[in-house]
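Shown next, in structure tokens, is the structure this report addresses.
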Amino acid sequence: MRIGEILLERAAITPEALAQGLADQNKPAERLGEALVRLGLVAERDVAAALAEQTGLETIDLSETRPEPKALKEVPIKIVLDAEVVPIARHNGTITVALADPFAVERIDEIRLLTGCTVEPVIATPTDIREALRRHYGLGAESLDRATQEIPSFALLEDEDASEENALEMAEDAALVQFVNQLLLEAVRDRASDVHVEPAEHELRIRNRIDGVLHDVSVPPQIKRFQAAITSRLKIMAELDIAEKRLPQDGRIKLRAEGREVDVRVSIIPTLFGESVVLRLLDREGEMIRLTDIGMAGDTLETYREIMSVPYGIFLVTGPTGSGKTTSLYAGMSELDHSERKIITIEDPVEYRLPGASQINVRSKIGLSFAAGLRSILRHDPDIVMVGEIRDRETAEIAIQAALTGHLVLSTLHTNDAASSITRLVDMGVEPYLVASTVEGVMAQRLVRKVCPSCVEEHRVDDDELAHRILHNMGVEDIEVIRRGKGCDDCRGTGYRGRIGIFELFPLDDEAREITLVRASAEKLRQYAREHGIRALREDGIRLVRDGRTTPEEVLRVAGRA
């Protein structure tokens, strides 16, 4: 029976869909099942099941199958990648291989001749096979394998004496270019915020930061040989000096991936075993997150909106790098009436596009710093000024003067909690009376991972030793049930997918301003905040545990004692 007839019999497609697939089939290279999948008329798994019925072979779910290491080593990697087959097991002279096309008899014969084994094929979907190849042979294995065949001299790149000419030539090799492109594309697909390329003595480790946590990227075992070429390729893309290997360098890459414009900040530092590279990915065309979606409690959201509506003053958002500070500010600004207010931002770099606002990128190399840009912005009659970060006394003082002359200044700081931000300004050299008279409020925030909705389960706290211990140590005794993910493909087995904010919003009232005037310590301000009902970060995190949106251990990891 033909594949189309089997799919019809299984009710996987309609007669109209079959006719469309036959008419659109790219003969003779494309099989009917491939055409139907390409057109979106049938699922890959339905085609695999139909092929199994047609050939009498079994199907296999590679996402739930762990191939034997000896089987993976049995078939040469070039054959595996070219034929897109996954060796599964080897037993008593028989090797089991998963493939999408059971009619590729020449590939089966090739494996039989090379291994000397009887080949037992099983059927898997093309997507599962590609994912299994990436997982077990590493990201871009086919590119590096081709580079190894074409340019054996790549092995010299890890030597310090390798010439700049060779490094440049190898970094521009098509196979190496393809590997680096795959690395960046995979990071964008995985929603990674950062890519870490870390050299060690005998390996090159690549990790993606996803939802705030680093995950190893599966890479081919021969990748260490390409260490210098990969670094040189990234330097070329970022327009950095490939000959300079002794000093840190910073640059930027602009690229389009998955139909989106992505800005990549490149940081390179020299280490004992070679140059370490960190790539920060910023989606320039990412959809603006609404203020109601970032995780604020109702009372916090109301206070936040009140502060954003004041005509002048300073509002600071504080937290470590990557904690969503800029996102929160943009979410607030997006609700303002842009037709009546002029908004200007200066950032390093601009992370979001805000319709109606004038946005400026810091360019330190030509003297456009935060301080210099802020001075010029104030001559443009703005109502609201957003400064990416207050890094020094000069920027802080200009921001204070802007607030005193009738502007609302929004900015970020790097401190552990809200109270510390106030003392940080004083430590920078700003007079306490200026801080007290201009700062309207400070908000500390962190991002916690959300429980994966695809594999969420409920657990009684009394039966969950870890959750019980953490909640007890936090003094929380009224939570009886929590939710956590057991791990699935959607969340990469972590039980978490996506992140949400926890917040500590501290609006300054008259009493808090008086405490600031006398140079009170951060601990004194912290104590005042607690006495007046300001939720600490950890307390706000427990709110999300009660709602079933995160777990106790995630709150402990992110907020700690804060």
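Accessible area per residue for segment 181-330, computed on protein heavy atoms with a 1.4 Å probe, is 44 Å². Please list, in order, the residues from segment 219-257 whose amide nitrogen is less than 18 Å from a point placed 7 Å along the Cα→Cβ vector of residue 114. Output list for this probe position: 220-222. What segment 1-99 shows is 57 Å² of accessible area per residue, with the surface traced by a 1.4 Å probe over protein heavy atoms. Using only alpha carbons, segment 273-409 has a radius of gyration to Kirkwood radius ratio (Rg to Rh) of 0.98.
In the structure shown, do any of 325/365; 325/486; 342/524 have a Cα-Cα gap over 32 Å, and if so which? In this structure, 342/524 exceed 32 Å between Cα atoms.
Here the Karplus relation 6.51 cos²θ - 1.76 cosθ + 1.60, evaluated at θ = phi - 60°, turns the backbone of segment 87-104 into coupling constants of x, 9, 7, 10, 8, 6, x, 10, 10, 8, 10, 9, 8, 8, 10, x, 9, 7 Hz, with x for every Gly and Pro.
The ratio of the alpha-carbon radius of gyration of segment 1-128 to the globular-protein estimate 2.2 N^0.38 Å is 1.12. In segment 93-109, whose amide N lies under 15 Å from the spot 7 Å out along Cα-to-Cβ of residue 135? List them in ranges. 98-99, by backbone N distance to the label point.
Cross-link partners of residue 254 among lysines, defined as those whose alpha carbon lies under 17 angstrom from its own and excluding same-chain residues fewer than eight positions apart: 235. By DSSP, the beta bridges lying fully in the chain are antiparallel in about 65 percent of cases. Average projection, convex hull of the Cα set of the chain: 32.5 square nanometres.
From the C-alpha coordinates alone, can you work out the Kirkwood hydrodynamic radius of segment 357-462, in Å?
Values: mean 1/r = 0.0622 Å⁻¹.
Hydrodynamic radius (Kirkwood, Cα pairs) of segment 357-462 is 16.1 Å.
Taking 0.36 nm per residue of sequence separation and removing the Cα-Cα distance, the residue 375/residue 414 pair yields an extension gain of 11.8 nm.
Calculate what fraction, in whole %, of the accessible area of the chain sits on carbon and sulfur atoms when a 1.4 Å probe is rolled over the protein chains.
47 percent
Each of the peptides 122-130, 99-107 was scored by the mean count of other Cβ atoms within 10 Å over its residues; in descending order, highest first, they stand as 122-130, 99-107. Every helix of 4 or more DSSP H residues in the chain counts as -39500 (n - 2.57), and over all residues that averages to -11500 deg cm²/dmol at 222 nm.
How many percent of DSSP beta bridges within segment 327-471 run antiparallel, rounded to 5?
Percentage antiparallel, nearest 5: 10.
Can you work out the accessible area per residue across segment 465-562, with the rest of the protein chains kept in place, probe 1.4 Å, in square angstrom?
Here the per-residue accessible area is 52 Å².
Under 20 Å of direct C-alpha separation, and excluding same-chain neighbours fewer than eight residues apart, residue 78 reaches these aspartates and glutamates: 68, 101, 106, 109, 110, 120, 128, 131, 142, 145, 150, 173.
The values are calculated or read from the model by the stated rules, or taken from the named source; none is laboratory data. In this text the structure is predicted, and so the values were computed from the model without any measurement. Reconstructed Cβ throughout: ideal geometry from the backbone, glycine too, with neighbour counts over all protein chains shown. These accessible areas exclude ligands, DNA and RNA; they are computed on the full protein's heavy atoms, side chains included. Shrake-Rupley method; radii C 1.70, N 1.55, O 1.52, S 1.80 Å.
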